[in-house]
Amino acid sequence: MKFRYSKFTGDDLDEVDLEELLSRLSDLMLSSGFDDGYAMPGEDGHSMQSLHDAIMEALLNGGLLSDETLERLLGKDWQSSEDAEAKLDELIRRIIEKLQHQGYLTSSPDAESERERREGGRPGIGGAEHSFKFEITDKSLDFLGYRALRDLLGSIGKSSLGRHDTREMATGVEASGAPKRYEFGDTMNLDASATILNAVSRARASGSDPVGPKSGSLQINVDYEDLMVAQGEYQSSCATVLMLDCSHSMILYGEDRFTPAKRVALALANLIRLQYPGDALKVVLFHDSAEEIPLSQLARVKVGPYYTNTREGLRLARRLLERQQKDMRQIVMITDGKPSALTRPDGRIYRNAFGLDPFIVSETVAEVAACRNAGILINTFMLARDYDLVSFVRKVAEICHGKAYFTTPRTLGRYVLMDYMDKKTRTVH
């Protein structure tokens with residue numbers, strides 16, 4: 001048998017850690033329109049050129065691949081060769097193909113660019129690849145959410161995750177209290193030692209000998225009244241609506257505040273799926289109006305030139321929560337602006353961005369009271385410290401007995417996750 005050896009060309013791209021690459025591309029994938037201050041919500045996909053450039057940045061300047069690995073994949077003298085750029089483009093093309101093959105990305109034609117090209121009678125800039133956009137898949141969203149959750153919990157430190165604990169006691173969950181006598185309806189989570197002890201004590205008290213007729217054997221008769229069950233803390237289920245402000249202010253003042261909010265939503269979704277499978281999570285965007293979006297569409301959402309219709313967002317969130325049969329129902333509102341818009345009964349939008357409009361505030365506060373009457377808690381996470389916003393949020397917290405957090409895009413995720421997990425002192429009736 002003869003063997004033929006050839007130079008390793010790296011066709012399988014085993015040296016490229018796709019998960020690490022996705023982490024480096026998360027800013028691009030979850031882009032909120034920070035570079036385009038007038039991007040519209042719902043614009044999905046990105047150009048293949050932007051993906052190409054981001055991967056090149058990760059390869060050359062992000063430390064994703066060492067110089068030795070690049071030489072192994074592209075050849076030892078690739079940097080000095082005349083076709084260095086072509087070799088690097090070919091490597092990036094194969095990486096994109098691998099991302100698509102493994103289900104992290106999909107591509108679709110860019111209809112708008114193609115239409116502009118035909119109407120202008122000119123070829124597409126940069127070739128055919130510019131006529132396509134890439135879209136991230138549910139698999140990518142799950143991974144980005146998992147990575148965000150891991151990073152956030154890592155910054156918090158070691159944490160014992162479980163369900164939402166309360167002070168109520170119940171059977172059928174992890175034992176943490178003294179055993180109790182079994183009552184009809186209790187889960188048959190028997191405490192074996194306490195049950196046997198009751199049976200032996202009852203037999204001794206009645207004067208009967210628990211030792212059977214055969215020497216050395218022990219026969220214990222367990223009766224209904226001997227049964228003891230283990231108690232544990234009652235662990236409630238929770239329905240949450242995450243309200244995200246996507247008004248224009250979320251990308252103003254030199255800071256992108258909406259992309260961190262997206263990461264929080266993805267991390268919270270993964271936390272619920274992995275640790276609280278009985279919980280429910282909905283996402284509501286509020287701007288000039290309000291809309292519910294599926295988590296699969298979250299990465300495609302961008303901010304726009306909108307005002308802040310907080311009342312409409314609360315109203316939609318309340319309707320969604322009233323359909324949920326859960327012990328706890330809560331709204332997690334992330335915003336950086338005071339309410340500045342209102343939907344009139346005829347559907348028209350009333351807007352006023354100057355100060356706190358008494359009409360807008362009164363209608364919004366009325367909706368907060370409606371949430372309180374429905375048993376819905378509102379926790380607000382503020383990404384700004386404007387005097388008018390602080391005043392409004394304090395009033396919201398006072399009405400619904402919720403919490404108000406002053407946070408930043410860097411600490412937002414930690415505050416949200418800790419608040420969600422810290423349910424130990426809440427009694428659910």
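The values are calculated or read from the model by the stated rules, or taken from the named source; none is laboratory data. All values derive from a computational prediction rather than experimental measurement. Counting neighbours? That spans all protein chains shown, and the Cβs are built from the backbone with ideal geometry, glycine included. The area values use the complete protein model at the heavy-atom level, side chains included, leaving out ligands, DNA and RNA. Shrake-Rupley method; radii C 1.70, N 1.55, O 1.52, S 1.80 Å.
Could you please let me know if Ser32 is at pLDDT below 80, touching a helix residue (DSSP H, G or I) at 6+ places or on another chain (Cβ under 8 Å), under 30 Å from Lys302 (Cα atoms) and not basic (Lys, Arg)? Yes.
For first residues located in the stretch 56-68 and small (Gly, Ala, Ser), partners that are open to solvent by 60 Å² or more (accessible area, probe 1.4 Å) and modelled with pLDDT of 75 or more and lie 6+ apart or on another chain with Cβ distances below 8 Å form the pairs Ala58/Arg24; Gly62/Arg24. Checking Val390, Val361, Val396, Val368 one by one, the residue that is over 20 Å from the mean Cα position of the chain (by Cα) and surrounded by fewer than 20 Cβ atoms within 10 Å (Cβ to Cβ) is Val390 and no other. Is it the case that some residue within the stretch 370-390 is of a type in the set (Phe, Trp, Tyr) and farther than 22 Å from Leu285 by Cβ? Yes, some residue in the stretch 370-390 is of a type in the set (Phe, Trp, Tyr) and farther than 22 Å from Leu285 by Cβ.
Kindly check whether there is at least one residue in the stretch 348-357 that is more than 22 Å from Leu412 (Cβ to Cβ) and hydroxyl-bearing (Ser, Thr, Tyr). Within the stretch 348-357, one or more residues are more than 22 Å from Leu412 (Cβ to Cβ) and hydroxyl-bearing (Ser, Thr, Tyr).
Is it fair to say Arg311 is farther than 25 Å from Thr407 by Cβ, of a type in the set (Lys, Arg) and either buried (at least 17 other Cβ atoms within 10 Å of the Cβ) or at pLDDT 90 or above (or both)? Break it down stepwise before answering.
Values: farther than 25 Å from Thr407 by Cβ: no; of a type in the set (Lys, Arg): yes; either buried (at least 17 other Cβ atoms within 10 Å of the Cβ) or at pLDDT 90 or above (or both): yes.
Spelling it out, it is not the case that Arg311 is farther than 25 Å from Thr407 by Cβ, of a type in the set (Lys, Arg) and either buried (at least 17 other Cβ atoms within 10 Å of the Cβ) or at pLDDT 90 or above (or both).
Pairing residues of the stretch 301-323 that are within 23 Å of Leu30 (Cα to Cα) and touching a residue at least 60 places away in the same chain (Cβ under 8 Å) with residues that are hydrophobic (A, V, I, L, M, F, W, C) and assigned to a helix (DSSP H, G or I), at Cβ distances under 6 Å and at least 6 apart in sequence or on separate chains, gives Val303/Met250; Val303/Ile251; Val303/Phe258. For Leu266, the requirement of being touching a Gly at 6+ places or on another chain (Cβ under 6 Å), at pLDDT 85 or above and buried (at least 24 other Cβ atoms within 10 Å of the Cβ) is met. Aliphatic (A, V, I, L, M), outside any loop (DSSP other than H, G, I, E, B) and either over 13 Å from Ala239 (Cβ atoms) or touching a strand residue (DSSP E or B) at 6+ places or on another chain (Cβ under 8 Å) (or both): does that describe Val303? No. Of the residues making up the stretch 97-107, those that are part of a helix (DSSP H, G or I), under 15 Å from Lys139 (Cα atoms) and open to solvent by 20 Å² or more (accessible area, probe 1.4 Å) are Lys98, Gln100, His101.
Any residue at all in the stretch 241-248 that's more than 19 Å from Val416 (Cβ to Cβ), open to solvent by 30 Å² or more (accessible area, probe 1.4 Å) and in a helix (DSSP H, G or I)? Yes, there is a match, as at least one residue in the stretch 241-248 is more than 19 Å from Val416 (Cβ to Cβ), open to solvent by 30 Å² or more (accessible area, probe 1.4 Å) and in a helix (DSSP H, G or I).
Within the stretch 330-354, the residues that satisfy the criterion of being crowded, with 23+ Cβ neighbours inside 10 Å and among the charged types (D, E, K, R) are Asp336, Lys338. Test Val211 against the stated conditions and say whether it is modelled with pLDDT of 85 or more and β-branched (Val, Ile, Thr). So Val211 does not fit the description; no.
Going through the stretch 371-387 one residue at a time, which ones are closer than 27 Å to Leu252 by Cβ and either surrounded by fewer than 16 Cβ atoms within 10 Å (Cβ to Cβ) or at pLDDT below 85 (or both)? Full working, then the answer.
We begin by selecting, within the stretch 371-387, every residue closer than 27 Å to Leu252 by Cβ; these are 378-387.
If the condition is that a residue be closer than 27 Å to Leu252 by Cβ and either surrounded by fewer than 16 Cβ atoms within 10 Å (Cβ to Cβ) or at pLDDT below 85 (or both), then Leu383, Ala384, Arg385, Asp386, Tyr387 are the ones that fit.
Is it fair to say Leu74 is touching a helix residue (DSSP H, G or I) at 6+ places or on another chain (Cβ under 8 Å), modelled with pLDDT of 75 or more and open to solvent by less than 40 Å² (accessible area, probe 1.4 Å)? It is false that Leu74 is touching a helix residue (DSSP H, G or I) at 6+ places or on another chain (Cβ under 8 Å), modelled with pLDDT of 75 or more and open to solvent by less than 40 Å² (accessible area, probe 1.4 Å). Summed over the stretch 269-296, residues that are farther than 14 Å from Gly145 by Cβ, in contact (Cβ under 8 Å) with a residue 40 or more places away in the chain and open to solvent by 30 Å² or more (accessible area, probe 1.4 Å) total 3. Condition check: at pLDDT 85 or above and more than 30 Å from Gln325 (Cβ to Cβ). Does Asp226 satisfy that? Here the answer is yes, as Asp226 does meet what is asked.
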